[in-house]
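Presented below is the structure to which this report refers.
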Amino acid sequence: MTTHHLTAGFLPLLDSVLLVLAREKGFAEDEGLDLHLVRESSWANIRDRAAIGHFPIAQMLAPMPLAASLGLTPIAVPTIAPVVLGLGNNAVTVSQTLWETMADQGAPGDLQAKAAGAALRKVVASSSRKLRFGVVHQTSSHNYELRYWLAASGIQPDRDIEIVVLPPPLLPDALGAGSIDGYCVGEPWNSIGVAERGAHIATVKASIWRTSPDKVLGMRADWAEQNPEIVAAVIRVIYRAGLWCSDPAHHDEIAEIMAGEAYLNAPAGIVGRALSGRLDVGGGVVADVPDFFVPHRNDANFPWKSHALWYYSQMVRWGEVAASQENSEIAAGAFRPDLYRAALAPLVVPAPETDYRAEYTRAFFDGQVFDPQHLDEYLAEHCA
Amino acid sequence: MTHPDLSILIIDENRIRASIIEEGLREAGHLRVAVLHDVNEVGRTIEAVVPDVIVIDLENPKRDTLEHFFSLSRAVKRPIAMFVDRSDGASIEKAVEAGVSAYVVDGLRKERVKPILDMAVSRFNAFSKLARELEQARSELEDRKLIDQAKGILMRTRGLGEAEAYALLRSTAMNKNRRIVEIAQSLVTAADLLGP
């Protein structure tokens with residue numbers, strides 16, 4: 001078997017784990033890939049270096065391939081996601097001061113988005129200054145989820161609070177320094193905020209939008225077209241890494257690997273929390289969060305076009321892109337379930353037969369249904 | 001010299017590199033050059049400076065923050081595009097390899113901006129070369145210190161002359177297929193552990 005040299009960019013976040021395991025546990029090697037991982041310092045660098053071909057593949061925020069394909073990015077090149085790196089992994093973390101005020105307003109501390117949002121709305125209404133929240137990138141799952149949670153709780157993001165952008169590793173420090181009141185980010189940066197900055201986890205992505213995608217493996221569409229065998233190999237590598245990662249018996253080893261200096265460079269005890277879903281939410285309270293991070297189960301690696309369309313709906317909602325038939329087709333086209341199915345065919349493992357699925361009442365915390373077959377109605381009703 | 005009226009903002013946490021670029025731009029006839037070391041100050045500065053071109057190092061983790069400031073800013077009214085021309089792949093790659101990124105107010109003609117970016121790229125490269133040479137000189141100096149220490153240990157403990165001590169280090173390194181400085185390091189560490 002010939003060996004293909006392949007460089008992948010990633011950010012220090014737990015959901016780079018499947019790429020890391022692909023290299024560290026030999027899954028990439030098994031498929032003839034000599035995988036090199038480069039840790040980057042910002043999502044902007046991942047985006048630009050992927051666009052110019054320094055990174056043939058990269059860990060990307062799920063909305064990123066859409067943004068590049070829709071022409072929202074500086075070097076806009078059609079970009080695709082043929083495999084997903086996991087569901088969940090995000091949380092909203094607030095400062096100790098804000099948490100105490102939220103608790104006074106009735107936040108029960110059970111991580112449920114609804115009750116936490118209701119309490120935050122009361123805090124915002126009576127606050128003498130605008131609260132400030134951090135997210136990691138403009139076209140990020142974090143930005144859209146935070147905004148969805150706030151808006152559904154009766155808080156208008158750009159009017160009632162301020163949203164600023166900072167890279168994940170800088171968020172706990174910014175919170176500690178008092179320059180932000182809260183943030184939405186992937187692990188381990190919530191747990192690090194709790195451990196080092198006395199912060200409190202207010203709610204989790206798993207409650208705002210259950211089992212929803214966060215990071216994908218992104219690549220330029222033209223590169224994928226020219227290298228179909230490498231793309232198929234990469235999809236199988238991620239699938240196998242996901243399968244291995246989802247076995248709890250491996251969690252201690254995974255936490256040790258991810259804690260390493262080249263990856264998260266954080267204590268294994270903190271890194272492991274998201275893997276088990278057993279989070280220290282602050283003040284010594286430990287909570288078990290079902291499906292906090294899902295690297296493989298529930299077809300986690302399958303790129304649903306309907307998920308791409310939900311992110312597109314949020315881009316429309318916040319005025320980043322105009323709603324049109326053409327744009328919705330570009331957005332859905334950025335996720336490539338066809339490549340996923342074709343790559344896994346030799347493994348004879350089950351993959352969903354449809355590209356779209358509706359997100360029913362239990363998916364979103366506010367009970368709203370997202371049915372991709374009725375996208376226009378959804379946009380008109382929720383995203384105008 | 002042809003278009004000295006563009007307003008240019010340099011954002012670089014590395015003060016020396018920032019001043020090298022600033023100097024280059026001034027030499028090229030650009031008089032409206034502002035320098036910032038912290039992205040957080042952009043929000044204030046951008047309103048006063050109203051930059052046409054913004055140069056930032058790629059290692060700055062706050063590029064996302066900066067882009068978000070642009071999207072909120074009233075001073076930078078038109079959308080900002082990165083690099084000179086999206087279609088100019090070669091110059092984009094050169095810039096990224098040098099570790100520099102530039103944002104340009106949409107609508108500026110390519111020929112007005114390209115010299116600025118080229119200047120930034122060449123100054124970034126010159127700075128990296130300088131930093132590499134400095135690092136090399138520093139590590140050579142440290143290597144020499146280590147080897148001198150190791151020689152001293154051998155001279156003391158085995159009663160060798162300086163040339164003999166060096167020859168022993170060199171032959172050991174050759175036999176073990178390692179660098180002399182590595183052998184010297186092992187010897188110094190071992191001597192430290194064994195005490196005086």
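Here are a few things to note about the model shown:
- Positive end of the dipole of region A:220-266 (Cβ unit charges, origin at the Cα centre): among A:Gly242, A:Ala259, A:Asn227, the Cα lying farthest that way belongs to A:Asn227.
- In the assembled protein chains, A:Val20 presents an accessible area of approximately 0 Å² (probe radius 1.4 Å).
- Taking the chain by itself as reference, region B:51-66 contains these residues with an accessible-area loss of 10 Å² or more in the full protein complex (1.4 Å probe, heavy atoms): B:Leu58, B:Glu59, B:Pro61, B:Lys62, B:Arg63, B:Asp64, B:Thr65.
- Between A and B, accessible area buried - total, square angstrom, nearest 100, 1.4 angstrom probe: 1700 Å²
- Over 39 Å [Cα-Cα, chain A], rounded percent: 11 percent
- Placing R0 at 30 angstrom, the Cβ-Cβ distance between B:Leu72 and A:His374 gives a FRET efficiency of 0.35 after rounding to 0.05.
- The share of accessible area on chain A that comes from carbon and sulfur is 47 percent, using a 1.4 angstrom probe.
- Computed over protein heavy atoms with a 1.4 angstrom probe, the accessible surface ordering of B:Glu41, A:Glu359, A:Glu229, largest first, is A:Glu229, B:Glu41, A:Glu359.
- Kyte-Doolittle at least 1.0, axis length at least 24 Å by Cα - qualifying DSSP helices, chain A: A:228-245
- Residues along region A:158-185 losing 10 Å² or more of accessible surface when the other protein chains are present rather than the chain by itself (probe 1.4 Å): A:Ile163, A:Val165, A:Leu166, A:Pro167, A:Leu170
- Region B:135-194: mean projected area of Cα convex hull, nm²: 4.2 nm²
- Shape metrics for region A:71-213, restricted to C-alpha atoms - Rg then Dmax, Å: 15.0, 49
- Each Cα pair under 8 Å and six or more residues apart adds its separation to the average, and for chain A the resulting relative contact order is 23 percent.
- Relative contact order (%) - region A:48-156, alpha-carbon pairs under 8 angstrom, separation at least six: 23 percent
- Cβ-based charge dipole, the protein assembly as shown, positive-most Cα from A:Thr354, B:Ile180, A:Leu61: B:Ile180
- For A:Leu35, the shell of other residues with beta-carbons less than 12 Å away shows a net charge of -3, using +1 for Lys and Arg and -1 for Asp and Glu.
- Working from Cα pairs under 8 Å separated by at least six residues, relative contact order for region B:135-194 is 38 percent.
- Solvent-accessible surface of region A:280-384, taken per residue with a 1.4 Å probe and all protein chains present: 47 Å².
- Rounded to the nearest 20 debye, dipole of the protein assembly as shown from Cβ charges on Lys, Arg, Asp, Glu: 760 debye
- For region B:135-194, the solvent-accessible area works out to 73 Å² per residue, with a probe of 1.4 Å and every protein chain left in place.
- Among B:Gly43, B:Gly29, B:Gly159: highest mean-square fluctuation, GNM of chain B, C-alpha pairs under 10 Å: B:Gly159
- Inter-chain Cβ neighbour average for residues A:132-140, partner chain, 10 Å: 2
- Histogram of C-alpha separations across chain B, 10 Å bin width, %: 8, 28, 21, 9, 12, 14, 7, 1
- Other residues lying with their Cβ under 14 Å from the Cβ of A:Val349 contribute a combined charge of +2, Lys and Arg counting +1, Asp and Glu -1.
The values are calculated or read from the model by the stated rules, or taken from the named source; none is laboratory data. The model shown is predicted, which means the values in this text are computed figures rather than measured ones. With ideal geometry, Cβ positions are generated from the backbone for all residues, glycine too; neighbour counts draw on all protein chains shown. The protein model used for the area step is the full one, side chains on, heavy atoms only, and it has no ligands, DNA or RNA in it. Shrake-Rupley method; radii C 1.70, N 1.55, O 1.52, S 1.80 Å.
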